[in-house]
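Written out below as structure tokens is the structure these notes cover.
Values in this text are rule-based calculations from the coordinates and carry no lab data. Because the structure is a prediction, the values reported are computed rather than measured. Cβ sites come from the backbone with ideal geometry, for glycine too, and all protein chains shown count toward neighbours.
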Amino acid sequence: MIDFGFTLSKSSTVDLNKVDRSRYDQLVKLVPTARMCMNCGSCGATCTVSEYKGMSVRKVLTGIQRGEDVRPMLSSCMLCGKCTMVCPRGINTRNLVLTLCKIYD
Amino acid sequence: MIDRIPSGFHPFVIPFLIGMAFVLLYCFGAMIRVLYELSWQDRKKFFLSLLNPKILLKDIKDIFLNCLIHVPLWKRNKLFGYMHSSIAFGWFMIILLGHIEVLLFVPGRINLFYYPIFFNYFVAEDDVTLRGSLLFFLMDFFLLMIMSGIALAMARRVKNYMFGVKRMARPTFLNVVGLYSLWAIFPLRWLAESFTAHISGGSFLTIPANWLFRQFLGNELYMLPTWWAYSIALCVFMCVLPFTRYMHIPAEMLLIPMRNAGLKVRSSRKGFARVEFFSCPNCGVCIDACPMTVDNGNVKDCTVYLTRQLRRGNEERIQEISDKCLLCGKCEALCQVGVEGPGLRILERARRDYTVPFNYPAADKSVDKNHKVLYFAGCMTHLTPSIGRNITELLRKANIDFTWLDQQGGLCCGRPMFTAGRIAEAKAIVANMEKLILESGCDTLLVSCPICYKMFREQYNLPGVEIVNYIPFINNLINTGRIKVEKSDICYVYHDPCELGRGCGMYDEPRKLLGRSAGIAEAQQNREESICCGGSLGSLSLDFAQRENMTKAALDNLYTSNADAIATACPLCQATFARYADRPVKDIAEIVNQQVI
Amino acid sequence: MIYEGKQKIWSDYQKEIPDDHWYYVRSCIRQNFFPASERMFTEITQKVLGKDVYETPYHTTCGGIAYHCDTIPQETVMTIVARQFALMTEAGYENYCPSCITSFGNYAETLETWREFPELEAKIRENLWKACKREFNKPKYLAHSSDLIYHWREEIRKRAKHLLINQETGEPLRIVEHIGCHYSKMFPHKGVGGAEYPYVLAGMVESWGGQVIDYPERRHCCGYGFRQYHAKANRGYSLSNTHKKFESMEPYKPDAIITNCPGCPYFLDRWQYVIAEQTGKTYGENGYGIPVFTYEEIAGLVLGYDPWDLGLQLHQVAVEPLLKKMGVEYDPKAKYLGLNKEDIMRPEMPNSIKCC
Amino acid sequence: MKENVVIIGGGVAGLEAAKNLHRLGYQTFLVEKNKKLGGHVATWHKLFPDMASTKAIIKEMVEDIKDVTVFLDTQVKTIESAHGGYQIAFSNGVNVHAKAVLVASGFELFEAAKKEEYGYGIYDHVITNADLEAWMNGNKDKRIPASPKAIGFVHCVGSRDLKAGNSQCSKVCCMTAIKQAIEMKERFPNAEVYCFYMDLRLFGKKYEDFYINAQRDFGIHFVRGRVSEVSETIDGHLQVKAEDTLIGRPLKVQLDMLVLMAGMVANNQIKPIVEQAKLEIDSDGFLKSSDNITHIIESGRDGIFYAGACTGTKTVPETVAEARAAALAIHDYISGL
């Protein structure tokens, strides 16, 4: 291969037809309230560890639907439950995190 | 009394012998298995305890009081207590007296296992003695006692509420078989003894029955079939016993010495835990105790069903039941045999495999050093900031040299991780926190959240640091005159938070503190019977919507006090109650701070 | 795809194109990339169609590349544009026809800016006077040279020697049309057919017997994008853009690509080679690429010009497969003979893409 | 019989006002340019939030005005101020002198083809909200596949779009999209349904509940980002591009059909009336009310009143309420109050 000094750049586009959303589908079966997120961001704002790891349940939820690796966020969760307390839609955020921590292989 | 049957045998005893042999072998096998499953330290501890006369005596006393007299049930409801002790104690007495009879009258037969059970068939009354009459009287007396208990048990199927228990666990098929065979044993024994009474003699229950039957039945024909039926009923009961709730009878006799030996559950499935879940008598006290069963919801997620599913090994249901529980601890507090519902569930949760590892987000927190008191508010308190504000104001008023450990948040005590069953992960959090606290150089760690407080008390190793809850701390400030409070004329009902009351056994201190600054009323269910607010972090799977009725039921209980407002000592209880309460919900710190003069 | 829907849009985006008397200005880079194309434009318009198309050697760059690379301010580029208009005015023309799409966009943008801000125009007039003592009239009509070929497409069709029809199958050739971004994306009404479904090249293809391919990434830039290409660190983006287009058009099995911008044919052509070298993938049949043409080259082929006179030997992707399909006769041996029939030497053959 | 009142427009506003003015005893003339009464509402299938049948609603409203003089297929030719009222000539040759005129001319649906990048009228499976309602009303539409696997809804088509000439929010499209998304999901439970939105403006009673249902019970996907372009793929699917603004990455998805939520724009067909009666047009292109808080139904010209979407985007209940208010205002005006 000739070295041109540049190569094809990786596309940042999310192709929903190619994104594997099976983890999300599995999640909403086990934690039905996960579907109810309206992306208000309260969870991330109150999160005890968001300042270190950018954890936000909102980002986790959109991320797994867009094929992003949300494990770094999940692995930082201490399950303190503040997000559950502030979520206006009553999403069971702790169960959501724990369930995702089991779903990933 | 003389032997009526020279061989001392009749085939009808065979069913009984089969049943007896089966149940004894089964229980022996189960005991060996449990002992094998114990860790060697626990096993050693257990055997040593049996050699310790003090513990042994306690074992015997506890078994007698719990298994035969059912003292805890008497405390709960007299009728319920009588029902159980009449059957258990009465049966025990009949067996005991049966042996005495054999020893007294036909001592040569004592080696025959079945003799005391079927004594009246095998003997003939040759002369009436006072000794014999007394024994016969006692036999009939205890038989009557048992049958009264069984009559109550039957009545309970209809009028449950009279027994102080509203709901029972749905019986399984084998439980029903066991129940009916148990109910059948004693009337059959009475019939059999009655048909034989003109030969073997009897007392006030059997003689008149014998006379009555003879009037229109003629006894000879019915004698043998009833003895057969009696034996078969015994056989059936004993054969199904290992697979029914009646397994609690032998299991509890192992549980009590094990607990007295100081054993703890280390796994949710093996060893001591196995004894524990076999000891569950399915009485249903935990169903009424459980805050989740409001409006008859979630009944099948109570501890009685946990023990049942653990016995069955139904993994899916075990997981569901373990995840749903609020871990409020009320079932354990009220359980007659001490099944550790929350503890078993946490251990059950600890069995899960998490493929995403926990990566402790190392907090770059630093603490202001060299203050005597370090105040830790906890995550939840950051959502109810008035608690933190009132406590720090009180500390300032009392001129306490303190600093805040988590003023900016970002620190968790690890309790939620712990209750989620991620023990190693919780320990990572604990280790980091311990380091931070010890580095601060404080001598007192003041904690206002009971959830954190329980964690600090039980899982932290902080040499030289006294861990205090803010309630006794403030009480002490008043005792030592550092702050003075006056009483307001508002009347509060104090809600015992699960983690502070049942969790840490603190019931009187909060009432004392609240009483110094306001009026106090008590709710119908309080102290160890306090109802969880429903907001508990203990539950993993309960959704927000499912908790609403639990909170409302807990509030209804508090409203029975007719107090003006609700006082509590937990930020989570406060936030949860405030969502639906029709009157103010305040933390004790806030109430006290307002009354400082 | 509903063709009538497109026709309706095309009818909404028609522009007036005078039939004669054009002042023609060449592109800076086309003369190097595809030198025969502009030569062919004058040949076709002047010789074949007999139109008055005037050129002057005093014409310079319009400043577009420098402008889009953020190296000169707009006022400077406007003053350059004003000088071009002055040359046109001096030559006695009022219809302005640039060969370059960026120039076309640049002129359109300048004229629109002056329309919105007349004071700016006054200032530019003053600048121009100060700089070179010239005055100018704004062109009455502005059309890109592809607009003119589009305008005269039927006249070319009448003189056609070859059509865009596969001679073996009789089927229309499948042609991807690619419009330069600056043609109508800035001012949809300045381009024939607008910005979403431009008709300028599609009209030629249809008129000359071919079939236009509408593929999902038709709107996408060829990958040149000035800043993307000129800074080597960004060249991967340039390449990726082109790659994206080819991936999108691949299922349609296009026979050729027709373009109207200086950069587009170059990048669509050359990057096919780079993509092939880097990924091993080619988009044409049998290991060839998809040949890429300027509209003048296609017009030249249709009119029966010799492919090597059209400069097709300068293409990276071999054009021979298309020539065969169209039935254009050519002498393979003459491919690398220059104007004076002297050998201009053969390029090194690439590894991954077949180039005859 | 009291004075004449002319109502221009036979949609829900005109119908409701006609009923009330007739009951108040006025000789009411209702003119409608179409051959049928009911306006846009009559072309719809069901109305949120009760999922009420429009057929039933319009039927009831039309029955209520059976004694009102209705001119269908008729337009106002001229209107001029005369004798303390207006002399109005209709295209059917009738002349009426009206004491008061109620303009209830409503809105026009944004012409979705103007958003060329969405390919309405060009791609095989792109339809509008109105097309979908017509289909649900039983009209055949070959653009709607027999069993779509993926359906998209594009919010704000022509609304909140300065380049399309409309800065206003059309108010009802978010809710309509959610309603239609649910209706499609009910018909095609296996289809993935996507709503592409910029903001979800669910201000009305029970609207948010619809949103929650759509997410929780129907699993409809909401993607925050405006669709930038639509293309057709070789196999006839629609490739839709948007930015997922919540993760800040471009996003594309292939759909089997796309529904464009065409918004409400000012009705230009009343321009002649506006000019002749010297009415004012507001900066948003809709008729200008005396003010937009307490006098929204007043034109600022004696005897001319407004009701409904002619003054701006409105929901059906808002329109009906305005129509009643306008009837009363006309009554007060004629009574000299």
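Values for this structure:
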| item | result |
| --- | --- |
| B:Lys54/A:Glu68 FRET efficiency (R0 56 Å; Cβ-Cβ; nearest 0.05) | 0.35 |
| J(HN,Hα) series, the stretch D:218-228, from Karplus relation 6.51 cos²θ - 1.76 cosθ + 1.60, nearest Hz, glycine and proline x | 10, x, 6, 8, 10, 10, 7, x, 7, 5, 9 |
| Whichever aspartates and glutamates have a C-alpha closer than 16 Å to that of B:Lys330, once near sequence neighbours (fewer than 8 apart) are set aside | B:Asp288, B:Asp301, B:Glu340, B:Asp496, B:Glu499, B:Glu528, B:Glu529 |
| A:Val19 long-range amide H proximity, modeled H, under 5 Å | none |
| Between helix D:173-187 and chain D: long-axis angle, C-alpha atoms, 0 to 90°, nearest 10 | 60 |
| Computed over chain B, Kirkwood Rh from alpha-carbon pairs, angstrom | 27.4 |
| Percent breakdown of C-alpha pair distances by 10 Å bin, ordered from the shortest bin, for the stretch B:273-319 | 29, 52, 19, 0 |
| Under-5 Å amide H pairs with C:Glu177, H placed in peptide plane, nonlocal only | C:Ile213, C:Ile258 |
| B:Leu65 versus D:His97: modelled label distance in nm, points set 7 Å from Cα along the beta carbon direction | 10.8 |
| Compactness relative to 2.2 N^0.38 Å, alpha carbon Rg of the stretch B:428-499 | 1.36 |
| The stretch C:78-186: proportion of alpha-carbon pairs further apart than 19 angstrom, % | 57 |
| Descending semi-axes in whole angstrom, ellipsoid equivalent of the protein assembly as shown, from the Cα gyration tensor | 87, 42, 35 |
| Chain C: angle of helix C:235-249 to the longest principal axis, Cα-based, in degrees nearest 10 | 60 |
| Point-to-point label distance, B:Glu320-D:Leu328, nm (Cα→Cβ direction, 7 Å offset) | 5.6 |
| Viscosity 1.002 mPa s, temperature 20 °C, Stokes-Einstein D of chain D from Kirkwood C-alpha radius, µm²/s | 102 |
| Estimated vicinal HN-Hα couplings, Hz - the stretch B:486-492 in sequence order (Karplus 6.51, -1.76, 1.60; Gly, Pro = x) | 10, 7, 8, 8, 7, 9, 10 |
| Rounded D (µm²/s) - the stretch D:195-336, Kirkwood Rh over Cα pairs, Stokes-Einstein at 10 °C, 1.306 mPa s | 85 |
| Histogram of C-alpha separations across chain A, 5 Å bin width, % | 2, 12, 23, 22, 16, 8, 5, 4, 3, 3, 1, 0 |
| The stretch D:173-233-the stretch C:116-195 distance, computed between alpha-carbon centres (Å) | 43 |
| Stokes-Einstein translational diffusion, the stretch D:112-264 - Kirkwood Rh over all Cα pairs, 0.890 mPa s, 25 °C, in µm²/s | 159 |
| Filter on D:Lys36/D:Lys185; D:Lys99/D:Lys278; A:Lys29/A:Lys82; D:Lys33/D:Lys140 - keep pairs with C-alpha separation over 21 Å | D:Lys36/D:Lys185; A:Lys29/A:Lys82; D:Lys33/D:Lys140 |
| Rg to Rh quotient for chain C, alpha carbon positions, Kirkwood Rh | 0.96 |
| 21 Å tail of the calculated P(r), the stretch B:2-113, as % of Cα pairs | 63 |
| Gap separating the Cα centres of the stretch C:262-291 and the stretch A:35-105, nearest whole Å | 45 |
| Global size of the stretch D:136-189 as Cα Rg and Dmax, reported in angstrom | 13.7, 37 |
| The stretch B:373-477, Rg to Rh (Cα coordinates; Rh as Kirkwood inverse mean 1/r) | 0.95 |
| Coarse-grained scattering of the stretch C:151-218 at q = 0.15, 0.22, 0.25, 0.26 Å⁻¹, given as base-10 log I(q)/I(0) from a Debye sum over alpha-carbon atoms | -0.53, -0.94, -1.08, -1.11 |
| Cut-off under 5 Å, modelled amide H: who pairs with C:Gly194 long-range | C:Tyr199 |
| Between helix B:130-158 and chain B: long-axis angle, C-alpha atoms, 0 to 90°, nearest 10 | 50 |
| Kirkwood-based shape ratio for the stretch B:250-349, expressed as Rg/Rh from alpha carbons | 0.94 |
| Reciprocal of mean inverse Cα separation for the stretch B:484-594 (Kirkwood radius, Å) | 13.9 |
| Helix-only CD estimate at 222 nm, as mean residue ellipticity for chain B, using -39500 (n - 2.57) per DSSP H run (n ≥ 4) | -17500 deg cm²/dmol |
| Span from the the stretch B:85-154 Cα centroid across to the the stretch B:232-298 one, whole angstrom | 29 |
| In sequence order, calculated HN-Hα J values of the stretch B:237-243 (Karplus, 6.51, -1.76, 1.60; Hz; x Gly/Pro) | 4, 6, 6, 8, 3, x, 9 |
| Listed pairs C:Lys140/C:Lys190; C:Lys158/C:Lys190; B:Lys487/B:Lys586; B:Lys61/B:Lys264; C:Lys253/C:Lys325; C:Lys6/D:Lys115 exceeding 18 Å between Cα atoms | C:Lys158/C:Lys190; B:Lys61/B:Lys264 |
| Per-pair calculated FRET efficiency, R0 = 30 Å: C:Met1 and C:Ala66 via Cβ, rounded to 0.05 | 0.15 |
| Computed FRET value (nearest 0.05) for C:Glu285 with C:Asp306, which takes r as the C-beta separation and R₀ as 30 Å | 0.80 |
| Separation in nanometres of the label points that stand 7 Å from Cα toward Cβ, at B:Ala431 and B:Thr403 | 2.5 |
